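Visitor: What follows is a single structure, and I will ask about it in a moment.
FYI, it's all coordinate maths here, none of it is from the lab. Being a predicted model, the structure only gives us computed values, none of them experimental. We place every Cβ from the backbone using ideal geometry, glycine too, and count neighbours over all the protein chains shown.
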Amino acid sequence: MERVHLKDLNLTYDAGRLSTRRETDMIVLHHTGNPTDDDLSAEEINTSHQAQGWTCIGYHYVVRKDGTIEVGRPHWTIGAHAAGENSHTIGIHVCGNFEIGEPTDAQIESTAMLLANLCTDYGLTIDRDSIVGHRELMSTACPGRNLFAQMDVIVGKANFYAAQ
């Protein structure tokens, strides 16, 4: 199976304030949800989350419009992306407001390949029980209707990439 390239921006945060995730049984997809269909970097999200008093970016990975995957919060830590569900999940932020915009083809492919890698690494079945949209865990529009409509396609592509 091909491994995705992860771009590490070496974000600045106090790693001593992060906790180890002891179980990983689900991956949660998110979108920005800002008023515009933006393409914020992991660094920009990290700065915003720290300004709100968080230790660092809440997501483990950020998928940019061009398909680049940036490292967010360390993969082994408890995230800050889905209240009540962070202790057992990995959070993937797909850049854009998918209530008004569409995910790019590059984002769909990169997200699927990242999911194939993560599910394989953590021994998860690549299915809709293991890979969910944020809205499936709580009342929110996230990951936006246009990304959420692509969930089955993304999971199908992740299965394809895992079989390679």
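Visitor: Helix check for the chain. Which DSSP H runs span at least 24 Å along their own axis by Cα, with a mean Kyte-Doolittle hydropathy no less than 0.0? Kindly include the intermediate steps, with their values, before the conclusion.
Guide: Values: long enough: 105-122 (25 Å, 0.26).
Helices meeting the span and hydropathy rule in the chain are 105-122.
Visitor: Taking amide hydrogens as modeled 1.01 Å from N in the peptide plane, which residues meet the under 5 Å criterion relative to Ile27, leaving out close sequence neighbours?
Guide: Close amide H contacts, sequence-distant or interchain: Ile90, Ile131, Val132.
Visitor: Suppose R0 equals 30 Å; then what is the FRET efficiency for Ala163 and Ala106 from their Cβ-Cβ distance, rounded to the nearest 0.05?
Guide: 0.90
Visitor: With point charges of +1 on the Cβ of Lys and Arg and -1 on the Cβ of Asp and Glu, referenced to the Cα centre of the chain, which listed residue (Gln164, Thr20, Cys95) lies farthest in the positive direction of the dipole?
Guide: Ranked along the dipole, the leading option is Thr20.
Visitor: Here is a follow-up. Explain nothing, just the number: dipole magnitude of segment 13-164 about its Cα centre with +1 on each Lys and Arg Cβ and -1 on each Asp and Glu Cβ, in debye rounded to the nearest 20.
Guide: With Lys and Arg at +1 and Asp and Glu at -1, about 340 debye.
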